[in-house]
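Here's the structure we're looking at; comments come further down.
The values are calculated or read from the model by the stated rules, or taken from the named source; none is laboratory data. All values derive from a computational prediction rather than experimental measurement. Cβ coordinates were reconstructed from backbone atoms using ideal geometry, including for glycine residues, and neighbour counts include every protein chain displayed. Quick note on the areas: whole protein, heavy atoms, side chains included, nothing else; ligands and nucleic acids left out. Shrake-Rupley method; radii C 1.70, N 1.55, O 1.52, S 1.80 Å.
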Amino acid sequence: KESNPKENNLVNKIEEFIIQKHRIILIAILAFAFILRLKYMTVNAALWWDEADYLALAKHYGLGLPEIAAPWRARALPMLLGIFYWLGANELIMRFVWVLLSVSGVLFTYIIGKRLYGKAVGLLSALFLSVYFEYLFWSARFSLDVFVLVVYTAIMFLFWKGYVKQEGNKYLYIAAGLFGFGIFAYESIAFIFIIILLFLILTERLNFLKKKQLWYALLIALLVILPFAAYNQARLGHPYPRFEQQVALFTEEAPQNELSRPVKEIVLDIFTYAKSFPYLLKWPLFIAFAIGLSMFVNLFLGFDLLFKGKNPGLKRDLFIFLWGGIVLLLFSLIQAFSAWIYEPRFIFPMMPVVFIITACGIVRIFNFIKKYNQLIAVIAVIALVSIGIFAQMTFADKLIKSKSDSFRPQKEAGMWLKQNLQKDEPVIGCFMFLPFVYYTERKAIGFTWQNETQVEEILQAHRPQFIVWDWHDPGCASDYPLQRKDKFLPMQAFFIDKEKTQPAVVIFQVIYKQDSGPPAES
C-alpha cells in the first residue's frame with residue numbers, strides 16, 4: 001500500500017522532534033516525576049516498621065541513639081544517612097533526599113534505555129517508571145528497595161559503558177566500588193555478580209579471565225567490602241550477618257514450613273511474581289510489555305551468532321534478558337522455598353528492564369500500524385501510553401492515600417512520650433518498639449503482656465512512670481492491664497479511626513503501692 005505523503009510528513013516531524021528535543025522531553029519527564037513525588041512526600045503520617053528500623057539505625061550512627069536493629073540489617077546506607085542527621089537534618093529533609101533518589105532512578109532508566117535501544121525507548125521507559133504505582137508508593141516511604149533500583153541501574157549502565165563498550169575503565173571501577181558498598185546496603189545487590197558473570201561466560205566464554213581491568217575491578221570491590229566486613233565481624237560477630245540468617249532460614253525454618261508442602265504448591269509459588277505482571281503494569285502497559293518480549297526471539301534463534309560476536313544487537317538483548325530474567329528467577333525461587341511473603345517491591349531491580357521492554361513493545365506497535373496508516377499509528381500509541389499512565393497514577397493515588405494514616409497512633413504516642421519521659425528514662429513496652437525508639441530517641445525495654453511475671457519483674461527493676469500497650473504488636477495481645485486497674489491507669493489513647501472508637505496505642509501510668517514500712521508499735 002502506498003503511503004500518504006501527509007502521513008509521512010507527520011511521522012517524520014515526530015521522529016525529528018524526539019531526536020532533536022529529547023533533552024527537553026527528558027527534563028519535562030524528570031520535572032513531572034519530581035513534582036509527582038513532592039505531592040506525596042509528606043502524605044504518610046508516620047513511619048512503618050522497616051522505615052523506623054533503618055532510620056533509627058541512621059540516628060544511631062548520626063546522633064548516638066541506642067542500636068536495637070536486628071543484627072542482619074544492612075548498615076552501609078544507615079551509616080551514610082547518619083551523616084545527614086549529624087549535620088542537623090530532620091525527617092522532612094530526609095524525605096526530600098528520598099525524592100531526589102527516586103527521581104535519579106527515572107534518570108538512570110532513561111540513560112540505559114537510550115544507550116541500548118534509542119532515545120524513544122529511553123524516554124518512554126523513564127516515563128513509565130516515573131508513574132509506576134509501586135515505585136511511587138515506596139518512594140513516599142524510606143524504602144531501601146528504591147535505593148536498590150537506583151544502584152542496580154547505575155551499576156549495570158557503568159559496566160556496559162566501561163567494559164562492554166570500552167569507553168573508559170574508570171566507569172567499570174566506579175561500578176565495582178558501588179557494588180562493594182551496595183551489598184552492605186541491601187543484600188539483593190549481590191545478584192548483580194551472577195548476572196554479569198553469566199553475561200561474560202555466554203559472550204566471552206572464559207576469555208574474560210584474561211582481562212586485567214576485570215581483576216582490578218574485583219580488587220576495588222574487595223577493598224570497599226573489607227571495612228564493612230571487618231566492622232560486622234567486630235560488632236555483630238559475622239562478616240555478613242544476613243548470610244548467616246538466610247542459612248538458618250533455609251536449613252531450620254524452610255524444611256519444616258515450606259519444603260514439606262506439596263510439590264505442585266511450590267511450583268505454583270515459583271510463578272507468583274510472573275503471574276503478577278498484569279496487575280503491576282495494568283493491562284495497557286502489560287500488552288505492550290508482552291509484545292516487547294518478542295524482541296528476544298532473535299536472541300534465541302541466533303545464539304550461534306552471539307558466540308561468534310557477529311551481531312552486537314544480540315549482546316545487548318542478552319544483557320537485558322539476563323538482568324531481568326535472573327532477578328525474576330532468584331526472587332521467584334526465594335518466594336517458593338523460604339518463608340518470605342510476596343512483595344512486588346522486591347523485584348524493583350528488574351523494573352527498569354520491564355519498562356525498557358514495554359517501551360520496545362510500544363515502538364513495535366507503532367512500526368506495525370504505520371505500515372497501514374501512520375496517523376492511526378500515532379493516535380494508537382498516544383492513546384495506549386496515555387491510558388497506561390492514567391491507570392498507574394490513579395491506582396498509585398488511591399493506594400498511597402489509603403495507607404497514609406498507617407501507624408499514625410505510634411507516631412503520636414512516641415511524640416507524647418518524648419515530651420513526658422525523663423531525659424534518661426527508657427520506653428517500656430512490647431518488643432516491636434522500634435517506632436517508639438525512633439520518635440522518642442530513647443532506649444527501649446521490651447516484654448510480652450502475656451507473661452505477667454515478666455511484666456512485674458520489669459516494673460520492679462525499672463519502676464517506669466509509663467508503660468505502652470500497642471495494638472500493632474502481637475506481644476501486646478492481652479487484657480492484663482485492663483484486669484489490673486489498681487496498677488495501670490490509662491493516661492493517653494491514640495486511635496486508628498477518626499471516630500476514636502478503636503484505640504491502637506494506649507499509654508498507661510503505673511501505680512506503685514507505697515511501702516507500708518515496719519508494723520507500728522502497740
For Lys500, give me every one of the lysines with a C-alpha distance below 26 angstrom, ignoring sequence neighbours fewer than eight places off in its own chain. Lys398, Lys401, Lys403, Lys411, Lys418, Lys485, Lys487
Heavy atoms only, probe 1.4 Å: what % of the accessible area of the chain goes to carbon and sulfur, would you let me know? 64
Describe numerically, in nm with one decimal, the distance between label points set 7 Å from Cα along Cα→Cβ at Phe208 and at Val164. 1.1
Between region 267-288 and region 58-77, what's the alpha-carbon centroid distance in Å? 36
With a 1.4 Å probe and every protein chain left in place, work out the accessible area per residue of the chain in Å², rounded to a whole number. 48
Please label the shape of region 264-365 as rounded, prolate or oblate, based on the square roots a ≥ b ≥ c of the eigenvalues of the alpha-carbon gyration tensor (a/c under 1.5 means rounded; beyond that, a/b larger than b/c means prolate, else oblate). oblate
Inter-site label distance for Trp215 and Phe96 at 7 Å from Cα along Cβ, in nm: 4.8
Can you list the lysines whose alpha carbon sits under 26 Å from that of Lys114, skipping same-chain ones fewer than 8 residues off? Lys13, Lys21, Lys161, Lys165, Lys170, Lys282, Lys308, Lys310, Lys315, Lys370, Lys371
Give me the extension gain from Val263 to Lys498: residue separation times 0.36 nm, minus the current Cα-Cα distance, reported in nm with one decimal. 80.0 nm
Between Tyr231, Ala444, Tyr273, whose Cα lies farthest towards the positive end of the dipole of the chain when Lys and Arg beta carbons carry +1 and Asp and Glu beta carbons carry -1, centred on the Cα centre? Tyr273
Taking the Cα centre of the chain as origin and charging only Cβ (+1 Lys, Arg; -1 Asp, Glu), how large is the dipole, in debye to the nearest 20? 2660
Whole-number value, in Å³ per residue, for the convex hull of the alpha carbons of region 1-99 is 189
Separation of the Phe17 and Asn298 label points, Cα + 7 Å toward Cβ, nm: 2.8
P(r) tail for region 48-146, what percent of Cα pairs lie past 20 Å? 46
Beta bridge orientation in the chain: antiparallel %, DSSP, nearest 5: 75
Derived scalar couplings ³J(HN,Hα) [region 110-117; Karplus, 6.51 cos²θ - 1.76 cosθ + 1.60; whole Hz; x for Gly, Pro]: 4, 4, 6, x, 5, 5, 8, 10
Would you mind checking the radius of gyration and Dmax of region 205-247 based on alpha-carbon positions, in Å? 14.4, 41
From the alpha carbon gyration tensor of the chain, can you work out the equivalent ellipsoid semi-axes (sqrt of 5 times each eigenvalue) and give them in Å, largest to smallest? 50, 27, 21
For Cα pairs less than 8 Å apart in space and 6+ apart in sequence, what is the mean separation divided by the residue count of the chain, i.e. the relative contact order in percent? 17
Just how far, in whole angstrom, is region 391-460 from region 189-207 if you go by their alpha carbon centroids? 44
Could you give the length gained by full extension between Lys403 and Asn367, i.e. 0.36 nm per residue of separation minus their alpha carbon distance, to one decimal place? 8.8 nm
If the chain between Ala31 and Ala45 were fully stretched, how many nm would it gain, using 0.36 nm times the residue separation less the Cα-Cα distance? 2.5 nm
